[in-house]
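Below is one structure, written out as structure tokens; comments come after it.
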Amino acid sequence: MSEDDGSHGELTVRIAPGVGEFDADEWNALGGTHNPFVAHEFLTALEDSGSVGHGSGWDPATVVVTDAAGHLHAAMPSYAKGHSQGEYVFDHAWADALHRAGRDYYPKLQIAAPFTPATGPRLLLSDPALSPYLLKGAELVCEQNGLSSAHATFIEPEQVALFEAGDWLIRKDIQFHWINQDYDSFDGFLEALASRKRKNLRKERAAAQEGLRIERLSGDDIREEHWDAFWVFYQDTGARKWGTPYLTREAFTLLGERMADRMVLILAFEDGEPIAGALNFVGSEAIYGRYWGCTKDVRFLHFELCYYQAIDIAIERGLSRVEAGAQGGHKLARGYEPVPTTSAHFIVDEGFRAAVADFLEREREGVAVDSVILRERTPFRKGE
């Protein structure tokens, strides 16, 4: 699709076979530096390691806007999906409903950072006026290639209005984030909690750390031996949760080579041997907890490595929040608060779109009620 928008000259909307087709600096100039998961380094590490692509069910179908000289003006990390795994916004019921109606839900177009339930920009723009080009491009990809729908998940709040303006259906859900209220230390954060909750967290941290050495590694301090240990942890968690880990072993090496300075690998050692680890990515405003695993069960160690250490890092670096992944109501008791997350959906078939719209309206009412209830259960002092 080509069009002259009057300010950028003739622009072409097309599908690229992957992010690796583009220069890293040109791509990152669109995405900015505040979110690591839309960075060229992250997305190409997934492509080059085979974590996405042939056989994965995540086939890169990157929607881009380029000018006559081939320069990149806008981009949308997107993938043709043959299943709904690794998305964390669940649409299996939609797929079943369309299947019962005698039609195919897959393939579909997924606009996301693969396997990453973290908020971020989904439209990478040199100019906000170009957002309709990307949205229309995604719609045409679906209509011209027999895809049932397009889905943009975990959209950062600032971009939700762009999808609403494009008349995409909006879906709401809840995650648990830790919010930094300008705390000067972990103890400063604990002082904001009710006394009983404060004592519980201190006991958990003491129990988790007893007899262990905990190290935080970043940049050149992360070596292949650390990735080897973490790969074992990651496989164990993956096998217990969904059967097959999404990332390949090579993905961790490539991520370490390309963006280790934006990662913090936290390892727990017992008698000099690593027994557990958690991997975090760091943006300009938040730290994002992504993967965890262990070879020995230690009480409360999951909370220590995934939640409390991340809080420590956020306070030390002056970051505004910790995003610790999808689901997990147990985060609530540990100072993580319910926050809304948003996805946007384009449905090709008008009848199916109407049914999904009705479902979303009823679902939003339930999510709103849940949010109020959850907020009342936060551990912070309430008139104490």
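The values are calculated or read from the model by the stated rules, or taken from the named source; none is laboratory data. Keep in mind that this is a model prediction, so the values were computed, not measured. Please note: Cβ atoms are built from the backbone with ideal geometry, for glycine as well, and neighbour counts cover all protein chains shown. When the accessible area is computed, the model is the full protein with side chains, heavy atoms only, and any ligands, DNA or RNA have been set aside. Shrake-Rupley method; radii C 1.70, N 1.55, O 1.52, S 1.80 Å.
A crude spin-label estimate for the pair ASP167 and HIS83, with each label 7 Å from Cα along the Cβ direction, gives 3.5 nm.
Among TRP94, TRP292, the sequence by solvent-accessible area, most first, with a 1.4 Å probe is TRP292, TRP94. Given a 1.4 Å probe and the protein chains as shown, ASP228 ends up with an accessible area of around 80 Å². Computed from the C-beta positions of LEU332 and SER126 and an R0 of 45 Å, the FRET efficiency is 0.70 to the nearest 0.05. Each label point was placed 7 Å from the Cα along the Cα-to-Cβ direction; for GLU210 and ALA357 their separation is 5.9 nm. For ARG196 and HIS34, calculate 0.36 nm times their separation in residues minus their Cα-Cα distance, and state this gained length in nm to one decimal. Extra length from ARG196 to HIS34 when fully extended: 54.7 nm. Under 5 Å between amide hydrogens, built in the peptide plane, is the criterion, and for GLY53 it picks out TRP58, ASP59 among residues at least 5 positions away or on other chains. Element breakdown for the chain at a 1.4 angstrom probe: carbon and sulfur atoms account for 48% of the accessible area.
Charged side chains reduced to their Cβ positions (Lys and Arg at +1, Asp and Glu at -1) give the stretch 228-356 a dipole of some 300 debye around its Cα centre.
Would you please give the FRET efficiency between LEU140 and HIS92, computed as 1/(1 + (r/R0)^6) with r the Cβ-Cβ distance and R0 = 35 Å, to the nearest 0.05? For R0 = 35 Å, the calculated efficiency reads 0.85. What is the set of long-range amide H partners of ASN35 at a cut-off below 5 Å, with H atoms built 1.01 Å from backbone N? When sequence neighbours closer than 5 places are left aside, the close amide H contacts are SER284.
Distance between the 7 Å Cα→Cβ label points at GLU250 and ARG100: 4.3 nm.
Our estimate of slack between ASP23 and THR295, defined as 0.36 nm per intervening residue step minus the Cα-Cα distance, is 93.9 nm.
For the set TYR79, TYR183, TYR106, solvent exposure ranked by accessible area (probe 1.4 Å, protein chains only) runs largest to smallest as TYR106, TYR183, TYR79.
Its relative contact order, with pairs defined as Cα atoms under 8 Å and 6+ residues apart, puts the chain at 20 percent.
Placing THR341, THR295 in order of accessible area, with the largest value first and a 1.4 Å probe, yields THR295, THR341.
When the chain is described by a simple charge dipole with +1 on each Lys and Arg Cβ and -1 on each Asp and Glu Cβ, the residue from GLY57, LEU212, VAL339 located farthest towards its positive end is LEU212. Note on PHE90: accessible area approximately 100 square angstrom, rounded to 10, probe 1.4 Å, nucleic acids and ligands left out.
Using heavy atoms of the protein chains and a probe of 1.4 Å, the accessible area assigned to ARG321 is about 50 Å². Distant-in-sequence amide contacts of LEU217, defined by a placed amide H-H separation under 5 Å and a gap of 5 or more residues or a different chain, comprise LEU265, ILE266, LEU267. The stretch 307-328 and the stretch 75-125 have Cα centres spaced 27 Å apart.
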